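What follows is one structure encoded as C-alpha cells, with my remarks underneath.
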Amino acid sequence: MRQAFERRQKADTQPATGSVLESAAVSAGYGSRLVLEQLSLSIKRGSITALVGPNGSGKSTVLKALARMLHPRHGAVYLDGRDIARLPTREVARRLAILPQSPSAPEELTVAELVEQGRYPHVGALRLFDDADRAAIARALDETGMTEFRERALDSLSGGERQRAWIALALAQETPILLLDEPTTYLDIGHQFEVLDLIRRLNVEQEMTIVLVLHDLNQAARFSRRMVVFEAGAIIADGTPTAVLTPDMLARVFHVLAHVAPHPEDGSPVCLPYGLATDGAQARSASVNSATP
Amino acid sequence: MSVMGSSPAAQVRSPSAPQRRDTLIARRFPVVLVVGLVLVTVLAVLHVGVGPVYLSPRQVVLALVGHPEVAYQRTIVVDLRLPRTLVALAAGAMLALAGAILQSIMRNPLAEPEMTGSVSGAILFTVLWVGFGESGFVRSVWYMPIIGLAGGVAAGLVVYALTWRGQSQPGRLILTGLLVSAILRSGASIVLLVHQAAIGSVVLWLIGSLNGRVWSDWSILWPWALVTIVLGLMSARWANVLQLGDASAAGLGLPVERARAGLLFLAVALAAGAVSIVGGIAFLGLVAPHLARRITGADARRVFPLSVVIGAGLLVGADILAQVALPGVQLPVGAVVAVLGAPFFLYLLRRRLR
C-alpha cells in the first residue's frame, strides 16, 4: 500500500517536461501590495497538486494568477506554452476551469441552471445548446452524482451537495485543467471527504490536471501527489507529501510542534500537532524533548 | 451520500419543500409566457376601451380591425387612445426589463432603475429644458423625450464613472447611484422653484403619467424600445453568468467589466427611454422582475422575457385604474403604481425576511 502511494507520487514531482500550466517569475498582488514575488511554479499534465500554507501566504493568489483572474505585475503565466494573458478569455475557459472560494449564486437557481452556465465558454452569448452541450451537462451532473438533484434550487441543498453542484459547473466546461480554491471550506468532515474523493476520481479516471488550495494539511497529503508549501509569497517546500510534510516544515512554516506518522490506510503522511512553536529554536528543542517523553 | 447529509449548513438551509413550485413552473415556461401575453392583450383592449366615452372590448376590436360599429369609434380608438395604450405597454416593459437586468447584474433583488441615476437624470434635464423653454426657446415639449433620454443616459454614465476604480463593485454602484439620484432630484426641485411657471406643465410627468400621450410620443418611443428590449433579451446569458459572481464569471470566460458595463448601459437606456415619455414611474422596475422571478425562478433567459410581459401588463392595468378610480378625474398612473406597488413590495420584503 505504502509503496503504491510513493510510486504514485513520483510521476508528479519530476522536472516539468510536459507542463500544461506554468507561472514564470510571477509577481502579483492586490493594489499596491505585492503578495507574490518572482514565483515560478510548473504544473504537469495529469497531475494533482495541493497548494498549502498559512493564511496570507499567497497560495490563493497564485491560483488566481494561474487562472488569469489576477494579472501579474511582472512575469507571465503559460497555458500549454502560450501566454495566458494573450489568449482570448473564452478560449482559456475551454481549457481551464476554476472553482473560486465560497462561490454564490441566486438562491432560486436550480442545479441544472447553474451547471448549464458551464457551457458559456463553448456557446457564447447567443448560440443555442446542441447535443454536445446537453451531453456535457448530463455527464457533469452524472459524475458529481447530482443528476437526481437537477431540478432542485441551490438553497435547498446541503453544503456538500451545493459544492458538488459547483464542481459540476466546472466539469460542464469540459476542460483538461481544474483549479479549486479551498473546495472544502465550511463543509463538515463527511462532505469534505466526499468532495475530495470526487476530485481524486476526476484526476485518476479522466486524467484531469488538478491544482487545489487546501487548508487541511492531512487532506492535502492524502489526496494530492504533490504538495507545494507557501510562506510569505514564496515556495519553501515542493515535493511528494512524504518529503514535504515533516515536523521541521510544520514548525518553521506553521509554528506548530507535531508528530508525522504514516496513515494506517495508505501510508500517506499525517501530522498530529501537539503544541505551538514560538520560534525555530524552541521548535527544535521541543521536538527533541518530545521524542523521549 | 444521504448518510452525510446532516451538516449544520444543511440543517439551517434546508427548506421545507425540496421540490419547489418555481421549478415546476419553469418547465412550463412557454405556457406561462403565452398566458401572460394573452392577459396583457386583454388588458390592452380594456385599456383602449376606457376613457370619457366607454367602449366595450368588442367595439374596440371592431374599430381596430377597421369595421367600427359607429364611424367615430375608429377615431377614438386609433387616433386618441391607441397611442396611449402602446406607450403604456412599451414603457412598462422597458422599466421592468431595466429592473430585471439591474437586479441580476447587481446580484441584488432590491436594485431598480432609480439606482442608476437614469430616472433622476432624465427628470433633471427635462425640468431644465422646460424651465429654459419657458423663457423663450424652441417648442420645448416636442423635444422633451430626447432631452430626458440624454439626461438619463448622462446620469447613468456619471454614476458608473464615479464608481469605477479599476473595477466596478455592484454594492458601491448602488450607493453611488442613490446619492447621485438624490442630488439630481434636489437639482430638479431647485430649478422648479426658480421657474415656478414650469411646474404646471411638468408636475404630472414628474409623478409619471400617460395622460394625453399621442402618436408623436409613440413614434419617438418605439424605435428606442425595440432596439433596447431586443438587446436586453439577447443579453440574458451574460446576465446569467454574471449572477454567479465576478470570480466565477471571469473563470467562465466572460469579460466581467465589459459585460456589466454593457448591461448597465442597456438598463439605463431602457429606463431613460421610458421615463422620458411617461415620467418618473417608481416601483414598476422593482416589482415586475420580482414577480417574474417568483413565477419562474432565477434564470435570466426566462426572467427577462417574463418581466417584459408583466411590466407591460402592470402599467396598462394601473393606467386603467388611474382612469376609472375617481369618476371624472384622470389620476397620474405613477401615483397608482406607487400606491399599489409600495405595499406589495413591503409584503414581498416581509415574506423574504421571514
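Separation of the stretch B:231-263 and the stretch A:118-184, taken as the distance between their Cα centroids, equals 17 angstrom.
Here the contact order of the stretch A:201-261, divided by its residue count and restricted to Cα pairs under 8 Å and six or more residues apart, works out to 19 percent.
A simple count of charges around B:A282, restricted to other residues whose Cβ falls under 12 Å of its Cβ and scoring Lys, Arg +1 and Asp, Glu -1, yields -1. Over all directions, the average projected area of the alpha-carbon convex hull for the stretch A:62-184 comes to how many nm²? Quarter of the Cα hull surface area: 8.1 nm². If you run the Gaussian network model on chain A, springs between alpha carbon atoms under 10 Å, then out of A:D266, A:D131, A:D155 the most flexible one is A:D131.
Exposure proxy shown here: for A:L21, A:L141, the number of other Cβ atoms within 10 Å sets the order, fewest to most, as A:L141, A:L21.
For A:R86 and A:E207, the difference between the fully extended length at 0.36 nm per residue and the C-alpha to C-alpha distance is 40.9 nm. From largest to smallest, the equivalent ellipsoid semi-axes obtained for the stretch A:84-138 from the alpha-carbon gyration tensor read 20, 17, 10 Å. Relative intensity of the protein assembly as shown on a log10 scale, I(q)/I(0) at q = 0.06, 0.12 Å⁻¹, equals -0.43, -1.18, per a Debye sum over C-alpha point scatterers of equal strength in the absence of solvent. For the stretch B:171-256, the fraction of C-alpha pairs more than 20 angstrom apart is 66%. In chain A, the DSSP beta bridges split such that about 60 percent are antiparallel, to the nearest 5.
Cα-Cα pairs above 36 Å in chain B: how many percent? The share of Cα pairs beyond 36 Å in chain B comes to 24 percent.
In summary, the convex hull built on the alpha carbon positions of chain A has an orientation-averaged projected area of 16.8 nm². In percent, rounded to a whole number, the relative contact order of chain B is 29, using alpha-carbon pairs under 8 Å and six or more apart. Note on the stretch A:147-258: the alpha carbon radius of gyration divided by the globular reference 2.2 N^0.38 Å gives 1.19. Temperature 20 °C, viscosity 1.002 mPa s: under these conditions the Stokes-Einstein estimate for the stretch A:155-219, based on its Kirkwood radius over C-alpha pairs, is 176 µm² per second. The residues neighbouring B:L242, those whose beta-carbon lies less than 12 Å from its own, together hold a net charge of +2 under the Lys/Arg +1, Asp/Glu -1 convention. A cut-off of 5 Å between modelled amide H atoms, ignoring neighbours fewer than 5 places along the same chain, links A:L70 with A:A65. Largest mean-square fluctuation among B:I229, B:I199, B:I147, in a Gaussian network model of chain B whose springs join Cα atoms under 10 Å apart, belongs to B:I199. Beta-bridge orientation, the protein assembly as shown: approximately 65 percent antiparallel, per DSSP, counting only bridges with both partners inside.
Eigen-decomposition of the gyration tensor built on the alpha-carbon atoms of the stretch B:201-354 gives equivalent ellipsoid semi-axes of 31, 20, 12 angstrom, largest listed first.
Helices in chain B that qualify as membrane-span-like (whole DSSP H runs, Cα extent of at least 20 Å along the helix axis, mean Kyte-Doolittle hydropathy of -0.5 or higher) are B:29-49, B:82-105, B:118-134, B:140-163, B:170-194, B:215-234, B:256-278, B:300-324, B:333-353. The ranking of A:T144, A:T240, A:T89 by Cβ neighbour count inside 10 Å, starting from the fewest, reads A:T89, A:T240, A:T144. Counting beta carbons within 10 Å around each of A:E108, A:E148 and listing the fewest first gives the order A:E148, A:E108. Kirkwood's formula applied to the C-alpha pairs of the stretch A:131-185 gives a hydrodynamic radius of 11.7 angstrom. For chain B, modelled as a GNM whose springs connect Cα atoms under 10 angstrom apart, the maximal fluctuation among B:G117, B:G92, B:G341 occurs at B:G341.
Please label the shape of the stretch B:40-179 as rounded, prolate or oblate, based on the square roots a ≥ b ≥ c of the eigenvalues of the alpha-carbon gyration tensor (a/c under 1.5 means rounded; beyond that, a/b larger than b/c means prolate, else oblate). Oblate is the answer for the stretch B:40-179, as a/c is 1.5 or above yet b/c matches or exceeds a/b.
All of the numbers you see were taken from the coordinates with simple rules; none came from a lab. Everything numeric in this text was worked out from a predicted model, so none of it was measured. Cβ: placed from backbone, ideal geometry, glycine included. Neighbour counts: every protein chain shown.
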